[in-house]
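Trainee: Would you mind keeping the following structure in view while I ask a few things?
The values are calculated or read from the model by the stated rules, or taken from the named source; none is laboratory data. In this text, all values refer to a predicted model and were calculated from it rather than measured experimentally. All Cβ positions, glycine included, derive from the backbone under ideal geometry; neighbour counts span all protein chains shown. Note: accessible area is taken over every heavy atom of the protein model, side chains too, but ligands, DNA and RNA are not part of it. Shrake-Rupley method; radii C 1.70, N 1.55, O 1.52, S 1.80 Å.
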Amino acid sequence: MTQAQRLAAGGLVDRSTPVSFSFDGKPFTGFAGDTLASALLANGVRLVGRSFKYHRPRGIFSAGPEEPNALVELRAGARREPNTKATCVELYDGLSAESQNRWPSLAFDLHAVNQFASPLLVAGFYYKTFMWPSAFWERLYEPAIRRAAGLGRLSGESDPDSYEKATAFCDLLVIGAGPAGLAAALVAGRAGVRVILAESDFVLGGRLNCETHEIDGAPGSAWARQAEDELATLPNVRIMRRTSVFGVYDGECGAIERVADHMPAPPEHAPRQRLWKIVARQTILATGAVERSIVFGGNDRPGVMLGSAMRTYVNRFAAAPGRRIAVFTTGDDGWRTARDLRTAGLSVECVVDTRHTIAPDVLSLTGDTAVYLGSHVVDAFGGHGLRSIDIRDAGGIRKRVAVDALAVSGGWNPDVALATHLGASPTWSDAKAAFLATEPPRSMALAGAAAGHWTLAEALHDGGTLGMDAATRYGHPQLAQPRFRTSDEATEVQACWHVGGARSKAFVDLQNDVTDRDIALAAREGFRSVEHLKRYTTLGMATDQGRTSNVGGLAIMAELTGRTIAETGTTRARPPHIPVAIGAFAGLHRDTHFKPTRLTSGHQWATGQGATFVDAGQWLRAQWFARPGETDWLQSVTREVRTVRSAVGVCDVSTLGKIALTGPDVGTFLDRIYINTFSTLDVGKVRYGVMLREDGFVMDDGTTARLAPDHWMMSTTTANAAKVMQHLEFCHQVLWPELDVQMVSVTEQWAQYAVAGPRSRALLQQLLGTVADLSNEAFPYLACREFRCGSLPVRLYRISFSGELAYEIAVPANYGDALAQALIDAGRDLGVAPYGTEALSVMRIEKGHVAGNEINGQTIASDLGLGRMMSTRKDYVGRVMAARPALVDSKRPSLVGLKPVDPAARLRAGAHFVARGVPASPETDDGYMTSTAFSPTLGHWIGLGLLADGPRRTGERLRAYDPVRAGDVDVEVVPPVFVDPKGERLRA
Amino acid sequence: MRYSLLSLLANAVSGHKAWKPQWRDAAPQSAYDVVIVGGGGHGLATAYYLAKEHGITNVAVLEKGWIGGGNVGRNTTIIRSNYLLHGNIPLYELSMQLWEKLEQDLNYNAMISQRGVLNLFHSDGQRDAYARRGNAMRIHGVDAELLDREGVRKLYPFLNFDAARFPIQGGLLQRRGGTARHDAVAWGYARGASDRGVDIVQNCEVTGFTIADGRVTGVRTSRGEIRARKVAIAVAGSSSRVAAMASFRLPIESHVLQAFVSEGLKPIIPGVITFGAGHFYISQSDKGGLVFGGDIDGYNSYAQRGNLPCVEDVCEGGMALMPAIGRARVLRSWAGLVDMSMDGSPIIDRAPVDGLFVNAGWCYGGFKATPGSGFVFAHLIARDAPHPAATRFRLDRFRTGNIIDEKGQGAQPNLH
């Protein structure tokens, strides 16, 4: 395809590098340095999209992130990116884009029929109808609305690209590399300030690339190149192009760097985008301004374009937005558009200015072009492309002019959103006819057009001054502030928002199809505050984030309600300032890398033993070890339980929290932490303890061993390891800083294995040989000791979760795999087998030990049968609150055991207890099943549960009510200890 | 004016010139029977039900800004009654039943859409906890279904089933759950209340209470003093500050909760999904935006703004659950102030000052409760006795220990 609308000369595109791309399947060619939008324009493509509600044909309206119309689905397959602004897409070879939100095609969109219903589809129409009959909303109305709504399509496939995160620090962050930003970076950078210059575009220079300005006698774009070259030589300056600062947060700015968006796919090992957190001592906001549109009939026709965008397309991209162009302006700026279009050899049919008097030097910019002063464009006509406009002159006479493009200049809105993210709303300045950020955050200053300083000279001056300030502030030698020589520009502008008397629809928000009449309706119905206006009409809520619509809309509302714009106010900008991919915020934490995977030091050994693993928080734990021939998990678990109960088993318990406490006051400290007493514990002994939260509910349980007078070892549950550590630190640092206690988490420093079963002593004696005497007399139940095996410290605790004779043995974590293997080797003749968490759980239920299912944050010690442990002779965390009336109520649901009346029946945790023969109701709900297991020892399912007044109901038969699963099972209440209630085995 | 397709058609013919303000922007009178402080969802609903259910129409709703500007317009629009505890279920189920009739009741389409709320589980322990919850719901007559992995896959094939750190095992589904158009809820209640004679007074900030002999007699406002026989506070986010004006303290901390919406997309997510291995919930609005959120930022704040770490945390949850949304862009984020109470449940009770009532502590679950909260609060104000569905939300429950702690987190507000 030829680039029919490409100007013969000029522009910053690289004509020596043609670039192929396609739009809606049609092949085109552009040049390196084009955006998708400029390349489409150069190829004469005018119809690029459809609007949200009415599916009106739309063309390219702007040349930046303010684009409301030219949204495309970029790329294909899993990389499809819906709603991508063609004006921000850097052209690359092979680019493919599709138009969106149209059916069956862009040129022929059946949904455009909505326009005929537009008298009904006014703002908020849906609040007034679709109510009858009520069932039709979900079945009929809403599905139809949902299908019609939305813009582009997600692929539905997993995003194949990766995203990175990085943090940068600097003295001075300059946001925007237009003239103000470049000047600031140059001045501060030369002085030695650590500067980061962030620019969204792929070239530096901002408007310098789009205008015909000169600085010090050179074209603006050439000056920008020169500045860039100099900045690149400064080691203290970092230039971040393709990087948009999207948010200002407490203490940092968020920015997104589009690392590979200008390529078909990211290079190998490179991310698509990088999320930056930039911590800067000072920020200069040099983001420029966004031109405003004017609301008149048909102002959405393809070919109507912001004047500044036209200058961008002509001067930077050498792409003609049309051949016969009119300019409609409220200020001097439009005249420069006309001048530049003429210079590019395009025909300017007329300039329409709402003002009656124009400065002579402005008037002279356009030579012999027809001029209409005190006049307005009232209506624009054309379907898929602008054909003509109606001008209403100062005398009120309508005149039709044939044009194929119309430049619109309604003044400028400083891009101040980033200055308001931390809270202060912008305020209206009548003098500037714009909202200004008068109270930016303390460490932020505004420069150039962002500050309402419209001229190039002011921008350069602002940048230079703020750059000097930064140099002074951060102690760098003073250099003389450079002076930049530029021509003066006229910047007078008249506030004019809305042209009355249109015959066709006049749009305020192009993407969301909000018209002037919608705003009038909102005013009529009482939605007069800017927040109500926005929410009722959806004004400013489109993907352009209101850049071209917000101020115009609220100005019209101000007119309608007889208030000033200052009184009407504006909505608060919220991050992100440009839309940012969800994937970029997530970075690497997705899929299997969502959270770290913690492996115990015996993981490799367990894998070798054929373990099936289960997630326990972030840990992976061996759940069971299937043997050849076992086809069902229950088979393996049952065998493991029987092995432990009859011989000996080995289980990795390294994941339990381990906290080492040292110091003379640990005993006192633990007395205050646990409900029971620890200060009396002898060296070489272990005690079971329960700790409460401040509110009297059980927080955690576990054993603590006293290895030496000043050296204690606390164990916590796996789930609460971090929480308990945090609790201890809080108690020590905040409540009792006077206690001489030091503590450190050593969970990952020790590999620990339970060795359980009647032959566990024999196994350990075999392993340790003469190092230790493990006879019941020398090493009784609840003994602990540290031995040395060669140079290796070995800790042994005689504790039991299974209820059998059992020990836990710990070695430094490096030896995890080796210890596990050594235990198996030592026990080979004793019939040893490894067992997993499932068997562990079965045996603790058989033994009536509570675990996470019971210690769920909603139970108190007496609920769990542990009430008698609560010391009455000392104070401890939670004691006072545990005495509240509801916590001493004897009817509270308390721990019971349960067995099925029919021994073949399976029990399930989560079933509620209801008396037999009565309907389940809130009044008859007596508690619920907390844990269940098939007991190989008893040969049927057993359960633990919390039952109202439970301990007194032994023998009672109840219904375990489980409507969300299999249904009901009749159960009998039994004591919660099913195996060895006297505890003879563990003391054997 | 009654809203219907017919009235819309009739107005379309006349150029929509005849529509009237949806509610009267009233000037404050000198005295009312009841003054409600706070023109958010709960305050407006309370006014509506005072008028409708109890015939009390000499009522003013005082709003310091514009109605609906607080949390009713800053949430993720989810409605559900999938609670665990007996203290909570009746209120949220009452609310759900009111949602189901709301549009016909208000003659205002708030787009109540029962597209289902699915809570995913990823472990046996979570499954059993959801079974316990589902059974509790069924005991209260609330719908609940426990789905296995294949059941979830049938509903949401695009979730991450294959490469997940915490694979999905199933989910608890409440089909009657869904979403509502949040702003419209505020406006619909305002219109309904205003039509029944309630004064909705905007830009009227309450600056103090007038109290005589331990009984409230009115409020001081930026628009003058207003006498009232009863005063009701419904100012979530600012509850402690307003309570302080009446010299009592609330067991509440103010926190920041962020929410997010993406650019408009063609439909991909039919219902509401919550992730069980991280804090993340998502739905898609009728307009096409993905609406999602996660944890509170975690520190006490009165600033209606959030910070990046929480944004990242939420999006990590999203990408772990459904990596298909990676290329969807966040269009806007916003932050609301939430009343985090000590047990994660609200307070609907008489204040320690006679004639003063307080509705607070909704944590981040206030929106779904809007109709029920207004209904029971109106009952409490009108009859001076709690509604049967809301007997346990007492201010003194922290003293008696009758707490309603769904999560079992204890008295640490930022964990609820």
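Trainee: So how many residues does region A:375-415 have that are of a type in the set (Val, Ile, Thr) and open to solvent by 10 Å² or more (accessible area, probe 1.4 Å)?
Mentor: 2
Trainee: Restricting attention to region A:516-526, does a residue exist that is in a loop (DSSP other than H, G, I, E, B) and at pLDDT 95 or above?
Mentor: yes
Trainee: Another question, if that's okay. Filter region B:255-297 down to the residues that are aromatic (Phe, Trp, Tyr) and more than 20 Å from B:Phe166 (Cβ to Cβ) and list them by number.
Mentor: B:Phe260
Trainee: Give the number of residues within region A:114-137 that are assigned to a loop (DSSP other than H, G, I, E, B) and either facing chain B (nearest Cβ under 8 Å) or within 35 Å of the chain's Cα centre (by Cα) (or both).
Mentor: Within region A:114-137, residues that are assigned to a loop (DSSP other than H, G, I, E, B) and either facing chain B (nearest Cβ under 8 Å) or within 35 Å of the chain's Cα centre (by Cα) (or both) number 12.
Trainee: So for region A:228-242 (the condition being under 31 Å from the mean Cα position of the chain (by Cα), crowded, with 23+ Cβ neighbours inside 10 Å and more than 27 Å from A:Leu341 (Cα to Cα)), does at least one residue qualify?
Mentor: The answer is yes, given that some residue of region A:228-242 is under 31 Å from the mean Cα position of the chain (by Cα), crowded, with 23+ Cβ neighbours inside 10 Å and more than 27 Å from A:Leu341 (Cα to Cα).
Trainee: Kindly indicate which of A:Trp736, A:Trp712 is surrounded by fewer than 17 Cβ atoms within 10 Å (Cβ to Cβ), of a type in the set (Phe, Trp, Tyr) and in contact with a Phe, Trp or Tyr (Cβ under 9 Å, 6 or more places away or on another chain).
Mentor: Of the residues listed, the single one that is surrounded by fewer than 17 Cβ atoms within 10 Å (Cβ to Cβ), of a type in the set (Phe, Trp, Tyr) and in contact with a Phe, Trp or Tyr (Cβ under 9 Å, 6 or more places away or on another chain) is A:Trp736.
Trainee: Let me ask something else. Suppose we filter A:Thr486, A:Thr465, A:Thr491 for residues that are open to solvent by 20 Å² or more (accessible area, probe 1.4 Å), modelled with pLDDT of 95 or more and over 30 Å from A:Gly124 (Cα atoms); which single one remains?
Mentor: Selected residue: A:Thr465, the only one of A:Thr486, A:Thr465, A:Thr491 that is open to solvent by 20 Å² or more (accessible area, probe 1.4 Å), modelled with pLDDT of 95 or more and over 30 Å from A:Gly124 (Cα atoms).
Trainee: Answer yes if at least one residue in region A:281-302 is among the basic types (Lys, Arg), open to solvent by 30 Å² or more (accessible area, probe 1.4 Å), within 30 Å of A:Ala326 (Cβ to Cβ) and part of a loop (DSSP other than H, G, I, E, B), and no otherwise.
Mentor: Looking for residues that are among the basic types (Lys, Arg), open to solvent by 30 Å² or more (accessible area, probe 1.4 Å), within 30 Å of A:Ala326 (Cβ to Cβ) and part of a loop (DSSP other than H, G, I, E, B), one finds at least one in region A:281-302, hence yes.
Trainee: Output yes when any residue across region A:787-799 is buried (at least 16 other Cβ atoms within 10 Å of the Cβ) and small (Gly, Ala, Ser), and no when none is.
Mentor: no
Trainee: While we're looking at this one, here's another question. I'd like to check something: does region A:138-155 contain any residue that is facing another protein chain (nearest Cβ under 9 Å), surrounded by 17 or more Cβ atoms within 10 Å (Cβ to Cβ), assigned to a loop (DSSP other than H, G, I, E, B) and touching a helix residue (DSSP H, G or I) at 6+ places or on another chain (Cβ under 7 Å)?
Mentor: yes
Trainee: Quick one: how many residues across region A:927-959 are assigned to a strand (DSSP E or B), open to solvent by 10 Å² or more (accessible area, probe 1.4 Å) and more than 20 Å from A:Asp889 (Cβ to Cβ)?
Mentor: 6
Trainee: Determine the pairs where a residue that is more than 14 Å from chain B (Cβ to nearest Cβ), located within region A:946-963, has a partner that is of a type in the set (Val, Ile, Thr) and open to solvent by 30 Å² or more (accessible area, probe 1.4 Å) with Cβ atoms under 7 Å apart, the partner being 6 or more residues away or on another chain.
Mentor: Pairs that qualify, where the first residue is more than 14 Å from chain B (Cβ to nearest Cβ) and the partner is of a type in the set (Val, Ile, Thr) and open to solvent by 30 Å² or more (accessible area, probe 1.4 Å), are A:Arg957/A:Val901.
Trainee: Something else about it: Any residue that is under 20 Å from the mean Cα position of the chain (by Cα) and facing chain A (nearest Cβ under 8 Å) - is there at least one of those in region B:345-355?
Mentor: no
Trainee: Sticking with this structure for a sec: Which count do you get for residues in region B:45-69 that are away from chain A (no Cβ under 11 Å), open to solvent by less than 30 Å² (accessible area, probe 1.4 Å) and under 30 Å from B:Gly116 (Cβ atoms)?
Mentor: Total satisfying the criteria: 4.
Trainee: Within region B:121-222, which strands (runs of 3 or more DSSP E) (wholly inside it) include 2 or more residues that are under 27 Å from B:Gly318 (Cα atoms) and more than 8 Å from chain A (Cβ to nearest Cβ)?
Mentor: B:145-148, B:170-174
Trainee: Would you confirm whether any residue within region A:653-662 is under 44 Å from the mean Cα position of the chain (by Cα), closer than 25 Å to A:Ser745 by Cβ and open to solvent by 30 Å² or more (accessible area, probe 1.4 Å)?
Mentor: Within region A:653-662, one or more residues are under 44 Å from the mean Cα position of the chain (by Cα), closer than 25 Å to A:Ser745 by Cβ and open to solvent by 30 Å² or more (accessible area, probe 1.4 Å).
Trainee: For the condition surrounded by fewer than 24 Cβ atoms within 10 Å (Cβ to Cβ) and farther than 30 Å from B:Phe398 by Cα, what is the one hit in B:Arg181, B:Arg191?
Mentor: Just one listed residue meets the conditions, B:Arg181.
Trainee: Pull out all pairs, ordered by first then second residue, where Cβ-Cβ is under 8 Å, the residues are six or more apart or on different chains, the first lies in region A:573-602 and is more than 7 Å from chain B (Cβ to nearest Cβ), and the second is among the small types (Gly, Ala, Ser) and in a helix (DSSP H, G or I).
Mentor: Note: pairs meeting the criteria are A:Ala573/A:Ala417; A:His577/A:Ala417; A:Thr600/A:Ala606; A:Thr600/A:Gly816; A:Ser601/A:Ala813; A:Ser601/A:Gly816; A:Gly602/A:Gly816; A:Gly602/A:Ala820.
Trainee: State all residues of region A:542-593 that are in a helix (DSSP H, G or I), of a type in the set (Gly, Ala, Ser) and open to solvent by less than 30 Å² (accessible area, probe 1.4 Å); if no residue qualifies, say none.
Mentor: Residues satisfying the conditions are A:Gly552, A:Gly553, A:Ala555, A:Ala558, A:Gly583, A:Ala584, A:Ala586.
Trainee: Something else about it: Taking the conditions exactly as written (of a type in the set (Ser, Thr, Tyr) and open to solvent by 30 Å² or more (accessible area, probe 1.4 Å)), does B:Thr370 satisfy them or not?
Mentor: no
Trainee: Which ones in region B:270-296 are open to solvent by less than 10 Å² (accessible area, probe 1.4 Å), in contact (Cβ under 8 Å) with a residue 60 or more places away in the chain and in contact with a Lys or Arg (Cβ under 9 Å, 6 or more places away or on another chain)?
Mentor: B:Gly271, B:Val272, B:Ser283
Trainee: Go through region B:87-111 and count every residue that is in contact with a strand residue (DSSP E or B) (Cβ under 7 Å, 6 or more places away or on another chain) and at the interface with chain A (Cβ under 8 Å from one of its Cβ atoms).
Mentor: Going through region B:87-111 one residue at a time, the tally reaches 0.
Trainee: Something else now. Mind listing just one residue for me: the one in region A:78-113 that is open to solvent by 40 Å² or more (accessible area, probe 1.4 Å) and in a helix (DSSP H, G or I) and, of those, nearest to B:Leu331 (Cα to Cα)?
Mentor: A:Cys88
Trainee: What number of residues within region B:13-34 are more than 15 Å from B:Ser194 (Cα to Cα), more than 8 Å from every other protein chain (Cβ to nearest Cβ) and not in a loop (DSSP other than H, G, I, E, B)?
Mentor: Selection size over region B:13-34: 2.
Trainee: Right, next: Taking region A:604-635 only, how many residues are more than 14 Å from chain B (Cβ to nearest Cβ) and free of Cβ contacts under 8 Å to residues at least 24 places away in the same chain?
Mentor: Total meeting the criteria: 11.
Trainee: What is the number of the single condition among (1) surrounded by 17 or more Cβ atoms within 10 Å (Cβ to Cβ); (2) within 14 Å of chain B (Cβ to nearest Cβ) that A:Gly897 does not meet?
Mentor: The single condition A:Gly897 does not satisfy is (2).
Trainee: Quick test of your reading of the structure: A:Ala431 fulfils all but one of (1) among the hydrophobic types (A, V, I, L, M, F, W, C); (2) under 30 Å from A:Leu539 (Cβ atoms); (3) open to solvent by 50 Å² or more (accessible area, probe 1.4 Å); (4) not assigned by TED's automatic domain parsing to the domain that holds A:Gly206. Name the failing condition by number.
Mentor: (4)
Trainee: Which strands (runs of 3 or more DSSP E) does region B:238-316 wholly contain that include 3 or more residues that are at the interface with chain A (Cβ under 8 Å from one of its Cβ atoms)?
Mentor: Counting at least 3 such residues, we get B:252-264.
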